[in-house]
Amino acid sequence: MAPSSPLLDTIIARLCAAQGVLLVGHVATDGDSLGSCLGLWHLLRGQGVPAYVVAAEKIPARFSFLPGVHSVITEATDYPPYWDVVVVMDCGDLRRTGLSETLLRCAVEVINIDHHQSNQGMLGTAWVDPRFAAVGQQVLALAEQAGWEVTPAVATCLYTALATDSGFFRHSNTSGAVLRDAATLLEAGADMRSIVENCLERKTLSELCLLREALSLLTQECDGRVTVLEIPFTVFARCGVEEAEMEGMIEYARAVPGTQIAVLLRAVQTDITKVSLRSRGSNDVSVVAMSFGGGGHLNAAGCTLHLPLSDVRAAVLAAVKQVLSCD
Ligand code: AMP
Ligand code: MN
Ligand code: MN
């Protein structure tokens, strides 16, 4: 997709010369973060480069089908003996990896591959390009420029990245290039049906319980231009849902006609609230997320606040109303 670039050549050369590569994504992993790490892991191993995917948290069950997922290291005690390169993917700062910064900084080089608008490109050798719909698409461009073979395993991982970050080819980031790359990956053997079943269609009973509770608390503000879903901490306990298992819930708020900005507030602890934001058109929710220490894209962003849900609701809605100029 991307034209040949000297930055990509530098990254490829550095990766090929590495003695050990740690591949890390962000906390509360998603299809792009994990799919990109595993896709690059397969590609590097195909080149004989020792590579390891390291995650701060246990991998959600919906990703169990991903080729190579069982090799992901989630315990510090299992870390490899040596690495000289760390690749940080789908986020722009070491804190968001959830891993020890000291550990990551001891690498000779940090490479950052990301597509978030909020990423200022300050982390190591940074390839940050918001024109890509997913980091998985950047990894495909890297493989194409390097001439690395895209095996069915690589294709499944990268298709997962591309499909999930484009909302299964429905979000406004779904360009012709995205569909062409998806076709390339499908032809390379991506297991599309497993990806759809696990990442889109699958809903556990506890997730459905959570959805029912959340929908009962749906509210609107700004004459219906803002739709809010909230999940109090007590609901988590009642439904027995793991925090990571809630992909797609905000889509119900965004679906309500007239909604310009959708907000999902999740009390993951009594005093820790996660915020997801989605918008239509030019309403920029990344600025809202960034003002609370988070980040994201124009139409999809998020942040985590160390405050109870009710306080977060008031603060975030005030910022959202500013974007829409309503009060
Ligand atoms: P989510 O609502 O969690 O699906 O996230 C939407 C977008 O915002 C994704 O691209 C995330 O990577 C980004 N995002 C979410 N939370 C944060 C955060 N705390 N810091 C930076 N980016 C975030
Ligand atoms: Mn992500
Ligand atoms: Mn992404």
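The values are calculated or read from the model by the stated rules, or taken from the named source; none is laboratory data. Computed from a predicted structure; not experimentally measured. We place every Cβ from the backbone using ideal geometry, glycine too, and count neighbours over all the protein chains shown. Quick note on the areas: whole protein, heavy atoms, side chains included, nothing else; ligands and nucleic acids left out. Shrake-Rupley method; radii C 1.70, N 1.55, O 1.52, S 1.80 Å.
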So, in region 264-277, of the ones that are of a type outside the set (Val, Ile, Thr) and surrounded by 17 or more Cβ atoms within 10 Å (Cβ to Cβ), which residue ends up farthest from Gly295 (Cα to Cα)?
Ala267
Give the residue, chosen from Asp9, Asp32, that is open to solvent by less than 20 Å² (accessible area, probe 1.4 Å) and modelled with pLDDT of 95 or more.
Asp32
Residue that is surrounded by the most Cβ atoms within 10 Å (Cβ to Cβ), among those in region 110-124 that are away from ligand 1 (no atom under 14 Å from the Cβ) and either within 17 Å of Leu23 (Cβ to Cβ) or touching a residue at least 40 places away in the same chain (Cβ under 8 Å) (or both)
Ile111
Does Ala126 qualify as being among the aliphatic types (A, V, I, L, M) and assigned to a helix (DSSP H, G or I)?
no
Please find, within region 250-263, the residue that is surrounded by the most Cβ atoms within 10 Å (Cβ to Cβ) out of those that are touching a helix residue (DSSP H, G or I) at 6+ places or on another chain (Cβ under 7 Å) and free of Cβ contacts under 8 Å to residues at least 40 places away in the same chain.
Ala262
Positions within region 200-231 being open to solvent by 20 Å² or more (accessible area, probe 1.4 Å) and small (Gly, Ala, Ser), in sequence order
Ser206, Ser216
Which pairs have Cβ atoms under 7 Å, sit 6 or more apart or on different chains, and link a residue in region 303-323 that is in the same structural domain as Glu221 (by TED's automatic domain parsing) to one that is surrounded by fewer than 16 Cβ atoms within 10 Å (Cβ to Cβ) and in a helix (DSSP H, G or I)?
Ala319/Ser291
Before we move on, is Val154 open to solvent by less than 10 Å² (accessible area, probe 1.4 Å), in contact with a helix residue (DSSP H, G or I) (Cβ under 6 Å, 6 or more places away or on another chain) and either within 15 Å of ligand 2 (Cβ to nearest atom) or modelled with pLDDT of 95 or more (or both)?
yes
Look at Ala134 and say whether it is at pLDDT 95 or above, within 23 Å of Leu298 (Cα to Cα), more than 16 Å from ligand 2 (Cβ to nearest atom) and of a type outside the set (Ser, Thr, Tyr).
no
Restricting region 74-90 to residues that are charged (D, E, K, R) and closer than 25 Å to Met122 by Cα, the one farthest from ligand 1 (Cβ to nearest atom) turns out to be Asp84
Region 96-109, residues that are more than 14 Å from ligand 2 (Cβ to nearest atom), at pLDDT 95 or above and surrounded by fewer than 20 Cβ atoms within 10 Å (Cβ to Cβ):
Glu109
Among residues of region 1-49 being of a type in the set (D, E, K, R) and within 29 Å of Thr174 (Cβ to Cβ), the residue farthest from ligand 3 (Cβ to nearest atom) is Asp9
Just for region 284-327: of the residues that are open to solvent by 50 Å² or more (accessible area, probe 1.4 Å) and among the aliphatic types (A, V, I, L, M), which one is nearest to Arg170 (Cα to Cα)?
Leu298
Considering every residue within region 160-169, establish whether at least one is part of a loop (DSSP other than H, G, I, E, B), in the same structural domain as Leu44 (by TED's automatic domain parsing) and more than 16 Å from ligand 1 (Cβ to nearest atom).
yes
Can you name the residue in region 157-166 that is of a type in the set (Gly, Ala, Ser) and buried (at least 24 other Cβ atoms within 10 Å of the Cβ) and is also farthest from ligand 2 (Cβ to nearest atom) among such residues?
Ala163
